[in-house]
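Worksheet for the structure shown next.
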Number of protein chains: 2
Amino acid sequence: MAKPLSKAHRTDQPKESAHPPGSEAVDDYLKAIFQLSGRPERQVSSTEIAAHLSITAASVTNMLQKLAGQNPPLVAYEKHHGVKLSKAGKKRALEIVRHHRLIETFLHEILDYPWDEVHQEAERLEHFISERFEERIAAKLGHPEFDPHGHAIPALDGSLPAQEPQALSQLRPGQSAKVSSVSDNDPEMLRYLAAQGIRPGVKLTLSEQLPFQGAYQVRIGSSTKPALLSHSLAEAITVSKPQQ
Amino acid sequence: MAKPLSKAHRTDQPKESAHPPGSEAVDDYLKAIFQLSGRPERQVSSTEIAAHLSITAASVTNMLQKLAGQNPPLVAYEKHHGVKLSKAGKKRALEIVRHHRLIETFLHEILDYPWDEVHQEAERLEHFISERFEERIAAKLGHPEFDPHGHAIPALDGSLPAQEPQALSQLRPGQSAKVSSVSDNDPEMLRYLAAQGIRPGVKLTLSEQLPFQGAYQVRIGSSTKPALLSHSLAEAITVSKPQQ
DNA sequence: TTGAAATATTAGCCATGACTAAATATCGCT
DNA sequence: AGCGATATTTAGTCATGGCTAATATTTCAA
Ligand SMILES: [Mn+2]
Ligand SMILES: [Mn+2]
Ligand SMILES: [Mn+2]
Ligand SMILES: [Mn+2]
């Protein structure tokens, strides 16, 4: 918000706008590109970003050109060939991811949110908390390394533990593994998983996989009766390297 | 954010905009009008609102017309004669004030923010927390009635304790009173007051007032050496009805 | 009572970040 | 290699909420 009252500025300000650049929208683009480009890093297409953010591809192209035109550029954009984050863009994306995961952990641990409600709230707040707030909740939580869904929280310098996450759907029958993380954006799914006792750290054994992308039959922890998980559920669960 | 993928809607949506009405800006106008109109309720002028929000009067007029045109109207606007909040506008304003003061209390009590830093953070977050978040921090804090500066927190139904706040500057020499609240928007001032030991609940005695709006000499609590407060400082402190 | 000063509104502009429709580039396949 | 399908970009529009400059209204003092 501008200060029309101050008369003599050193240089005439470049006219503050109602919705400053480098805002919520920009954050969400950078985060989307970060999440979609995976590891090792891949170019991300306009269409993918559009689908991820539920907006049109035209809007995405428009924004990508702005992001590429910033100084410093936030993305490297090749017309018709997608984008990659620049150094600066990646730094900002990781900052927002850190906010998101710290907020989720905070909501769950301190404010007793159920784990299926933390994502939605964090998705909004991640853009608006200060560095002070970030620092304080991190301290309060004892500088946690993982959020309630098992996702690693980037450190202050943006570093993440080198992980080799594998989808549960890629296990072979008979193999065991520990749940590393679960997808955090579908509350209904999270409630279902909680009801099954599936959460990060729990040991799973794939007893059988029905043909044609059918259900996965898993034994959970040391329980006796197995559970059945759909293919999309098995895709939403990552596990650590299978043991034995 | 729109969903361009859903094809057949019941009625064609009125085209979702990037910055939905009923947002941060609207909240801040309603809050400003609420704060400025005082008790008993007064009409508030465009210029006052402009100064309070550090924007131009033209922008204010523009927004007031929009607010008056909403259904239901959020303000009663008489061209050239200022505005008052409508029922709906007052409800929303109190909702935001409740957010603000709960957040301040939360930051101070749970996250150990110093009292001069809570206002700025609350000013942003008040617009973005959910009802769930509000409810959780209120519960965590034991449903507090006052924020760290002594301001009353509106109840869920919007009610506020009937208070008769009086500026310290209106005390007569010799009178004693208890500090009720201190203005919360100037961090430097708050640090100064804290250093003097002036905070809500502390007893003050006005020993002398220098002429021509000069300094106020007060004894703080049961301390022996008096402090000197400028007129603007004495305006920023409210006290409860003088005793004796 | 009247005219200048102070206040307030109008008119026209801009940036952000959506949208749709039209144009164009790339890709997959014969 | 070339055609058509798919992906992507361009062009033009809109709402929100700022701004400045010009105009209109109200107020106040002579
Ligand atoms: Mn977000
Ligand atoms: Mn998560
Ligand atoms: Mn605010
Ligand atoms: Mn306060």
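The values are calculated or read from the model by the stated rules, or taken from the named source; none is laboratory data. What you see is a predicted model; the values in this text were computed from it and never measured. Cβ: placed from backbone, ideal geometry, glycine included. Neighbour counts: every protein chain shown.
Residue check: is residue A:123 within 13 Å of chain B (Cβ to nearest Cβ) and within 25 Å of residue A:33 (Cα to Cα)?
The answer is yes for residue A:123.
Cβ contacts < 9 Å: first residue part of a helix (DSSP H, G or I), restricted to region B:84-97; second residue within 16 Å of ligand 3 (Cβ to nearest atom) and of a type in the set (Gly, Ala, Ser), any location; separation 6+ or different chain. Result?
B:92/B:22; B:93/B:32
Looking at the structure I just gave you, is residue A:214 assigned to a loop (DSSP other than H, G, I, E, B) and at positive phi?
no
For region A:119-129, name all the residues that are part of a helix (DSSP H, G or I) and in contact (Cβ under 8 Å) with a residue 40 or more places away in the chain.
Within region A:119-129, A:119, A:120 meet the criteria.
Report yes if residue B:103 is part of a helix (DSSP H, G or I), modelled with pLDDT of 95 or more and within 14 Å of chain A (Cβ to nearest Cβ), otherwise no.
For residue B:103, the condition - part of a helix (DSSP H, G or I), modelled with pLDDT of 95 or more and within 14 Å of chain A (Cβ to nearest Cβ) - is met.
Scanning region B:29-52 for residues that are under 14 Å from the mean Cα position of the chain (by Cα) and part of a loop (DSSP other than H, G, I, E, B), which turns out nearest to the other protein chains (Cβ to nearest Cβ)?
B:38
The conditions are (1) within 13 Å of chain B (Cβ to nearest Cβ); (2) in a helix (DSSP H, G or I); (3) within 13 Å of ligand 2 (Cβ to nearest atom), and residue A:116 fails exactly one of them. Which is it?
The failed condition is (2).
Taking only region A:149-190 into account, find how many residues are assigned to a loop (DSSP other than H, G, I, E, B) and hydrophobic (A, V, I, L, M, F, W, C).
Qualifying residue count, region A:149-190: 6.
Is it the case that residue A:143 is assigned to a loop (DSSP other than H, G, I, E, B), in the same structural domain as residue A:30 (by TED's automatic domain parsing) and on the phi > 0 side of the Ramachandran plot? Write out each step before concluding.
Details: assigned to a loop (DSSP other than H, G, I, E, B): yes; in the same structural domain as residue A:30 (by TED's automatic domain parsing): no; on the phi > 0 side of the Ramachandran plot: yes.
So residue A:143 does not fit the description; no.
Can you tell me which residues in region A:105-118 are hydroxyl-bearing (Ser, Thr, Tyr) and in contact (Cβ under 8 Å) with a residue 24 or more places away in the chain?
Correct list: A:105 only.
Within region B:77-90, identify whether any single residue is at pLDDT 95 or above, within 16 Å of DNA strand C (Cβ to nearest atom) and within 14 Å of another protein chain (Cβ to nearest Cβ), and answer yes or no.
Looking for residues that are at pLDDT 95 or above, within 16 Å of DNA strand C (Cβ to nearest atom) and within 14 Å of another protein chain (Cβ to nearest Cβ), one finds none in region B:77-90, hence no.
Restricting to region A:221-239, name every residue that is in contact (Cβ under 8 Å) with a residue 24 or more places away in the chain, surrounded by fewer than 18 Cβ atoms within 10 Å (Cβ to Cβ) and under 15 Å from residue A:177 (Cβ atoms).
Matches in region A:221-239: A:221, A:235.
Exactly one of (1) surrounded by 17 or more Cβ atoms within 10 Å (Cβ to Cβ); (2) within 9 Å of DNA strand D (Cβ to nearest atom); (3) not in a helix (DSSP H, G or I) is unmet by residue A:55. Its number?
Only one criterion is unmet by residue A:55, namely (2).
Taking region B:112-159 as the search range and keeping residues that are within 16 Å of DNA strand D (Cβ to nearest atom) and under 13 Å from residue B:101 (Cα atoms), which one is surrounded by the most Cβ atoms within 10 Å (Cβ to Cβ)? Break it down stepwise before answering.
Filtering region B:112-159 for residues within 16 Å of DNA strand D (Cβ to nearest atom) gives B:123-124, B:126-128.
In the following step, the residues that additionally are under 13 Å from residue B:101 (Cα atoms) were identified as B:123-124, B:126-127.
Details: B:123: 16, B:124: 15, B:126: 24, B:127: 18.
Checked region B:112-159; the qualifying residue surrounded by the most Cβ atoms within 10 Å (Cβ to Cβ) is B:126.
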